[in-house]
1. Could you give the nm distance between label points at K385 and L113, where each point is 7 Å from its Cα heading toward the beta carbon?
2. Suppose R0 equals 22 Å; then what is the FRET efficiency for I319 and S69 from their Cβ-Cβ distance, rounded to the nearest 0.05?
3. Counting only heavy atoms of the protein chains, get the accessible area per residue of region 17-64 (1.4 Å probe) and round it to a whole Å² value.
4. Full extension from I164 to L14: what is 0.36 nm times the residue separation minus their Cα-Cα distance, to one decimal in nm?
5. I'd like to check one number: the per residue accessible area of region 154-268, probe 1.4 Å, reported in Å² as a whole number.
6. Each label point is 7 Å from the Cα along the Cα-to-Cβ direction; what then is the distance between the points at N226 and L312, in nm?
7. When the expected Rg is taken as 2.2 N^0.38 Å, what fraction or multiple of it is the alpha-carbon Rg of region 22-102?
8. Gap in Å between the Cα centre of region 208-247 and the Cα centre of region 253-307?
Amino acid sequence: MKKLVSSLPFKLLLGVILGILIGQIAGEHFMNFVVTVKYILNQVIIFCVPLIIIGFIAPSITRLGNNASKMLGIAVSAAYLSSIGAALFSMTAGYIMIPHLSISTSTDGLKELPGIVFQLDIPQIMPVMSALVFSLLLGLAATWTKAGVITQVLEEFQEIVLSIVTKIVIPILPVFIAFTFCALSYEGTITKQLPVFLQVVLIVMAGHYIWLTLLYVIGGLYSRKNPFDVVRNYGPAYITAVGTMSSAATLAVALKCAKKSQPTLREDMVDFGIPLFANIHLCGSVLTEVFFVMTVSMILYGSTPSLGSMLLFCALLGIFAIGAPGVPGGTVMASLGLITGVLGFDEMGTALMLTIFALQDSFGTACNVTGDGALTLILTGYAEKHGIKNHKIESGIS
């Protein structure tokens with residue numbers, strides 16, 4: 001297991017490089033194969049996501065016992081405060097910087113990807129948000145009723161899911177990422193679309209790192225632990241998130257990275273917090289969306305939105321982010337109603353917003369995933385300050 005984890009960053013990086021290079025020279029017939037396999041692998045990964053959520057969150061809640069409701073409230077509050085804080089930080093930066101930027105909007109010249117040769121659909125057993133709510137309710141109800149049999153079943157189910165993750169999901173991730181970047185390189189997104197908003201993307205990425213630094217500093221001060229012991233293990237999760245563009249699809253790797261941060265992060269807080277935050281903590285995506293809506297507004301309408309509109313947008317976006325699916329573009333898709341209703345964007349505005357958001361979605365997702373470690377550090381500090389016992393299990397992840 002340790003050998004698999006240690007070799008993962010190299011495999012992911014190699015997949016990214018090979019994917020970009022092959023995409024530049026690949027022909028249409030080869031891309032038919034790439035697109036088809038990428039689609040099938042994505043179906044497998046996405047199918048496993050609800051299983052991972054149920055397998056880790058529900059048993060973790062039962063282990064927390066009478067403290068479950070309290071810890072859930074702390075986790076959701078921390079996720080919302082992080083998201084709305086990132087939104088306000090991005091809004092402030094937008095008002096200061098955007099009026100001084102010169103931005104081009106040309107996105108022409110992209111090559112169309114070939115169609116899928118064989119479409120194998122593997123529907124999830126339930127949607128991601130349904131799995132999340134089911135896990136929370138099942139775990140809480142099992143705790144309230146002291147359901148010993150269900151609690152034991154959940155423990156065994158977690159071991160089953162862990163086996164699926166380590167023997168299926170982790171091995172196919174490098175291939176999936178390589179094929180994803182191959183497709184992006186072939187159609188020209190990397191070589192032609194990225195320079196269009198290069199300035200804005202670089203600013204947003206800098207914002208991601210600033211916000212992550214702030215989160216880890218706060219987590220370290222609150223828990224009185226060294227946050228570097230956590231963030232230094234998040235390289236594989238960051239690279240995976242860049243490739244998958246999905247917090248949910250990165251969940252398996254994020255769990256492994258967080259487990260390697262013991263004893264700085266408590267194992268029970270990792271099992272509880274990381275799967276939960278993967279679906280409700282989207283600080284990087286929120287930060288990105290706020291800056292981008294202001295940029296698009298300046299491009300199309302000649303000015304940034306009013307302060308009142310932006311404050312309302314940020315407050316509601318933080319709530320929408322908690323309910324947004326942790327899948328590519330989940331945040332912006334869930335908040336399209338806010339973009340049109342609160343900010344008044346028309347069809348051209350929403351189309352441009354979706355385009356520019358897609359250009360950096362991978363880095364926003366990587367910020368989301370890495371930030372989950374900081375919030376789990378806060379949960380660890382809270383549990384230790386309030387005398388919540390460590391319900392450690394031998395799950396096999398290290």
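1. It works out to 4.5 nm between the two label points.
2. 0.65
3. 37 Å²
4. 51.6 nm
5. 36 Å²
6. 4.9 nm
7. 1.89
8. So the separation of the two Cα centres works out to 11 Å.
The values are calculated or read from the model by the stated rules, or taken from the named source; none is laboratory data. In this text the structure is predicted, and so the values were computed from the model without any measurement. Cβ coordinates were reconstructed from backbone atoms using ideal geometry, including for glycine residues, and neighbour counts include every protein chain displayed. With ligands, DNA and RNA removed, areas are computed over all heavy atoms of the protein, side chains included. Shrake-Rupley method; radii C 1.70, N 1.55, O 1.52, S 1.80 Å.
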